[in-house]
Amino acid sequence: MPWTKVYLNVEEMADTLQKEGLRGISYHEAILEAQAQAMESDDRVFIMGEGVDDPGGIFGTTLGLAERFGKDRVMDIPVAENAMTGIAIGAATVGMKPVFVHMRNDFLPMCMDQLVNHAAKLCYMTGGRLHVPLVVRAIIGRGWGSAAQHAQAFHALFMHIPGLKVVMPSTPYDAKGLFLAALDDGNPVMFIEHRWTFNAVGYVPEEMYRVPLGEGIIRREGEDVTIVALSQQVYEAMKAAAILEADGISVEVVDPRTLKPLDEELILSSVSKTRRLVIADVAHRTGSVGAEIVCRIAETSADILVAPIRRVCFPDTPIPASPVLEEAFYPGADDIVEAVREIVKGS
Amino acid sequence: MPEATALDIPADIAIRLSRTMMLIRQFEEKIVDVYGVQDMKTPVHLCIGQEAIAAGVCENLRTDDYILTTHRGHGHCLAKGASPRELYAEFYGRRQGCARGKGGSMHPVAPECGVLGASAIVGGSLPHAVGAALAIKMQGGDRVAVAFFGDGATDEGVFHESLNFAALKTLPVIFVCENNFYAVSSPILARRCNDNIVLHAQPYDMPNEQVDSMDVLKVYHAAHRAVARARAGEGPTLLECRTYRWKGHVGPEADHEKGCRPKEELEDWMQRCPVEYLNQLLLAEGIITEEALAESTREIERELDDALEFARQCPFPDPREVLENVYYTGA
């Protein structure tokens, strides 16, 4: 299916889609289009964030929106992340649908009081009398010495908080469809993007469509090992799967797409089949989403695994600056290949 | 009791202010009465002594205006029209509570009359009022939003961030700081260089007033000016309402009983009881009689007794409800 496919380069996509007469666009174009269509069709939607109207347009994802919808609806804001989150919450409780854009995930700790104590709690602590339709777009950076405060990812932290939902689209199709679903959801949704997926290309229909929250997807079917890959690691996992195929190892790649709610059933059914699991994440090891996934498997199906689990993730250190240290820090397709070989060889 | 000054508002408004303050006072005193039994299992932050602010501000508001309040929010909710039955039921953790037993005393809510909830994180609900005001500006109309908060909230960064944005966007919001000079038991001058909270409005070119809030008429007039500006599209106002909390930070005891502050300080402030002050004025002006006042007290007493009885009769939530309302699932 064109909408499930992960294309590893533009040429591959162009060849496939052209034959079928389908439109291919990039991830950042998909997000831009989703926001434009949302604002076009719903007066309640507005975008706020530091620099959302600047010439770079948040890596292209808000480009031209201020000109088209005005600076009151595509609003540059003070560098005051916590209050601005609270302001988005207040507007959301009385009928607006704010989209708060952060160029880096690293700015989210500034918003923690409002996200954790307020956005996540208002529906519950008012017995459902208020709710917070809020989408928080947050981009994970990487490379060029982004270092310790410009390349973090906090999806595991947010996944821990009842009342928040967490979405991590990897493909252009899902970026648009999950964004529109998040905006309709009526709850605070952490919409976590990866800078390195922004130029990824794929089939994206022009019309508005929704990808339901909580439904994962099989990116590639296989028999021997399941790789649950998050966000940008989906691409690394697909590369790894191609390499491993040459070794005669058949890899299944599962992209959960949404971490909360998590498509536990899909993961479990894949692992039940392959009986081996590697988790490829874009964050640190300890207390990670991978740990949660493994725990859920262990809770219900402890006996299905025939090999140890491997987590391919960031080490438990802050993120370094030097290119040499970055290279040592970031895991990619090679590390996934190695992890898979280890557990296949040993069992 | 200070010299009564001439009443400078219409009698019907003055009578409503009196009734609202008495309702709040008696509502809180009833909690003091029943709290010792320990079946109202919620930490109560009482506003006895501070009633003039809730009454004076909310008298200027319409049902479709919004307020945001704090852990010390019973008075604001009552003044805005929230049901005493639903509030008490909430404090008793019952299903008919205003938040279905999920919020307790620190999180009252009444969207039907514009009470958009309360935060028990100091300063936490301040930006929500600004956000509600932003929504009002986007949606059109002349509604306003009010943020009630204590002097402790002005220690928080979110207070300054909220004021800046409200001023920047000329939003219809009124910041009402109830300066009772203590955050829990920390005196204001242990936390700040000065106690002139009102000065924080100046860098934002925001209209501001420091209000003696033992006199509800002064609160009423200051809020009237602020609300008029907000409705006219002239932006936010900061009101520093100087007041005093008779009870401790939490619970029915007074702070001097716990050694947190001098008894004489409380006694001095109690000489300036805001409820008594207005009622004396109304009596002196011949607007009400002693008999009418006594009847009003009894009528409120009956209403609150009924509300307490209602609350105690309400069923508790089903234990399975613990898992409900985590997420909004559609109207």
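The values are calculated or read from the model by the stated rules, or taken from the named source; none is laboratory data. As the structure is a computational prediction, the values presented were derived from the model and not from experiment. Every residue, glycine as well, gets a Cβ built from its backbone with ideal geometry; the counts of neighbours run over all protein chains shown. These accessible areas exclude ligands, DNA and RNA; they are computed on the full protein's heavy atoms, side chains included. Shrake-Rupley method; radii C 1.70, N 1.55, O 1.52, S 1.80 Å.
Shape annotation for chain B: C-alpha extents along the principal axes are 54, 51, 41 Å, from largest to smallest.
Per residue, the convex hull spanned by the alpha carbons of the protein assembly as shown comes to 171 Å³.
The label point for A:Asp42 and the one for B:Glu234, both projected 7 Å from the Cα toward the Cβ, are 3.8 nm apart.
If you count, for each residue, the other Cβ atoms within 10 Å and average over each peptide, how do B:248-261, B:168-181, A:259-272, A:105-118 line up from highest to lowest? Walk me through the numbers on the way to the answer.
Numbers: B:248-261: 15.9, B:168-181: 24.8, A:259-272: 18.4, A:105-118: 21.6.
For the peptides B:248-261, B:168-181, A:259-272, A:105-118, the packing ranking is B:168-181, A:105-118, A:259-272, B:248-261.
Measuring only protein heavy atoms, the 1.4 Å probe finds A:Thr4 accessible over about 30 Å². If Lys and Arg each add +1 and Asp and Glu each add -1, what is the summed charge of the other residues whose beta carbon sits under 12 Å from the beta carbon of A:Ala36? With Lys, Arg at +1 and Asp, Glu at -1, the net is -3. Could you state the number of Å between the C-alpha centres of the range B:147-182 and the range A:74-130? Spelled out, the Cα-based centre of one part sits 17 Å from the other. Two numbers describe the Cα atoms of the range A:217-346: Rg and Dmax, which are 14.0, 43 Å.
Given a 1.4 Å probe and heavy atoms of the protein chains only, how would you sort A:Arg257, B:Arg231, largest accessible area at the top? Walk me through the intermediate numbers first.
On the way: A:Arg257 20, B:Arg231 60 Å².
The ordering from most to least exposed comes out as B:Arg231, A:Arg257.
For A:Lys5, a cut-off of 16 angstrom between C-alpha atoms picks up these lysines, skipping any fewer than 8 places away in its own chain: A:Lys19, A:Lys176, A:Lys239. In the context of the full set of protein chains, the range A:232-307 has a per residue accessible area of 37 Å² (1.4 Å probe).
What order, most packed first, do the peptides B:106-115, A:62-71, B:147-156 have when packing is the mean number of other Cβ atoms within 10 Å of each residue?
Values: B:106-115: 21.8, A:62-71: 16.2, B:147-156: 24.5.
Highest mean packing first, the order is B:147-156, B:106-115, A:62-71.
Past 24 Å, Cα to Cα: identify those pairs from A:Lys71/A:Lys260; B:Lys80/B:Lys102; B:Lys41/B:Lys258; A:Lys121/A:Lys260; A:Lys97/A:Lys165, in the order given. Intermediate results must be reported in sequence, preceding the final value.
Working: A:Lys71/A:Lys260 32 Å; B:Lys80/B:Lys102 21 Å; B:Lys41/B:Lys258 21 Å; A:Lys121/A:Lys260 16 Å; A:Lys97/A:Lys165 16 Å.
As for pairs spanning more than 24 Å Cα to Cα, those are A:Lys71/A:Lys260.
About its Cα centre, the dipole of chain B is roughly 1080 debye, where the only charges are +1 on Lys and Arg Cβ and -1 on Asp and Glu Cβ.
Which whole number gives the average, over all residues in B:161-172, of C-beta atoms from other chains lying within 10 Å of the residue C-beta?
Numbers: counts 9, 7, 1, 3, 7, 2, 0, 2, 4, 0, 1, 0.
Mean shielding by partner chains, rounded to a whole number: 3.
With all protein chains in place and a 1.4 Å probe, the accessible surface of the range B:1-95 carries 51 percent carbon and sulfur.
Determine the calculated [θ] at 222 nm for chain B from helices alone, applying -39500 (n - 2.57) to every DSSP H run no shorter than 4 residues and normalising by the residue count; nearest 500 deg cm²/dmol. Don't skip to the answer; put the middle values down first.
On the way: 10 runs with 133 residues, N = 331.
Taking each H run of at least 4 residues, the total per residue is -13000 deg cm²/dmol.
Any idea which of B:Cys193, B:His224, B:His107 is furthest toward the positive side of the dipole for chain B, if Lys and Arg beta-carbons carry +1 and Asp and Glu beta-carbons -1? About the Cα centre, the residue reaching furthest to the positive side is B:His107.
Normalised by the number of residues in the range A:219-272, the average gap of Cα pairs under 8 Å and 6 or more apart makes the relative contact order 45 percent.
How many Cβ atoms of partner chains, on average, are near each residue of B:129-142 if near means within 10 Å of its Cβ? Intermediate values should be presented prior to the final figure.
Numbers: counts 3, 6, 14, 9, 4, 11, 11, 4, 2, 9, 6, 0, 0, 0.
Taking all residues of B:129-142 together, the mean is 6.
Remark: the range B:269-331 carries a charge dipole of roughly 280 debye about the Cα centre, counting +1 on each Lys and Arg Cβ and -1 on each Asp and Glu Cβ.
Over the range A:14-203, give the accessible area per residue in Å² for a 1.4 Å probe, as an integer. The partial results should precede the final answer.
Details: 5830 Å² over 190 residues.
Solvent-accessible surface per residue comes out at 31 Å².
Remark: accessible surface ordering of A:Thr93, A:Thr274, A:Thr317, B:Thr329 (largest first) is B:Thr329, A:Thr317, A:Thr93, A:Thr274, probe radius 1.4 Å.
Of all DSSP bridge pairs formed entirely within the range B:11-314, close to 10 percent run antiparallel.
Residue by residue along B:95-103, Cβ atoms of other protein chains within 10 Å of the local Cβ number 4 on average.
Of B:Val184, B:Val219, which has the most accessible area and how do the rest follow, probe 1.4 Å? All intermediate terms of the calculation are to be shown ahead of the outcome.
Details: B:Val184 80, B:Val219 0 Å².
My answer, sorted largest first, is B:Val184, B:Val219.
Projecting the Cα atoms of A:Thr85, A:Ala30, A:Tyr124 onto the charge dipole of chain A, computed from C-beta unit charges around the Cα centre, puts A:Tyr124 farthest toward the positive end. So who's got an amide H within less than 5 Å of the one on A:Arg220, skipping anything under 5 residues away but keeping other chains? H placed 1.01 Å off N, in plane. Long-range HN contacts for A:Arg220: A:Val253.
Hey, with R₀ at 56 Å, roughly what FRET efficiency would B:Lys258 and A:Lys19 work out to, going by the Cβ-Cβ distance, to 0.05? The pair B:Lys258/A:Lys19 has a calculated efficiency of 0.10. What separates the Cα centres of the range B:7-77 and the range A:141-207 is a distance of 45 Å.
For chain A, what % of the accessible area comes from carbon and sulfur atoms, probe 1.4 Å? Kindly include the intermediate steps, with their values, before the conclusion.
Working: 6770 of 12790 Å².
Exposed carbon and sulfur together represent 53 percent of the surface.
Roughly how much accessible area, to the nearest 100 Å², goes out of reach of solvent when B and A pair up, both sides summed, probe 1.4 Å?
Values: alone 14340 and 14370 Å², together 25590 Å².
That pair of chains buries around 3100 Å² in total.
Each peptide in B:276-283, A:82-89, A:177-184 gets a packing score, the mean of other Cβ atoms within 10 Å over its residues, and the list from highest to lowest is A:82-89, A:177-184, B:276-283. Each of A:Arg73 and B:Ala284 was given a label point 7 Å from its Cα along the Cα-to-Cβ line. The distance between the two points is 5.7 nm.
Here A:Lys273 is the anchor, and the aspartates and glutamates within straight C-alpha reach of less than 15 Å, apart from those fewer than 8 places off in the same chain, are A:Glu221, A:Glu223, A:Asp224, A:Glu252, A:Glu264, A:Glu265, A:Asp303. Note on the protein assembly as shown: dipole from Cβ charges, positive end direction compared against A:Leu180, B:Gln139, A:Val99; the farthest Cα belongs to A:Leu180.
Residues in the range A:39-51 carry Karplus couplings, in order, of 5, 4, 9, 8, 5, 6, 7, 9, 10, 9, x, 5, x Hz; the curve used is 6.51 cos²θ - 1.76 cosθ + 1.60 with θ = phi - 60°, and Gly or Pro positions show x. Taking the Cα centre of the protein assembly as shown as reference, the dipole from Cβ charges on Lys and Arg (+1) and Asp and Glu (-1) amounts to some 640 debye. Backbone phi angles across the range A:84-99, fed through the Karplus curve with coefficients 6.51, -1.76 and 1.60 (θ = phi - 60°), yield HN-Hα couplings of 5, 5, x, 5, 4, 4, x, 5, 5, 5, 10, x, 9, 10, x, 10 Hz in residue order; Gly and Pro are listed as x.
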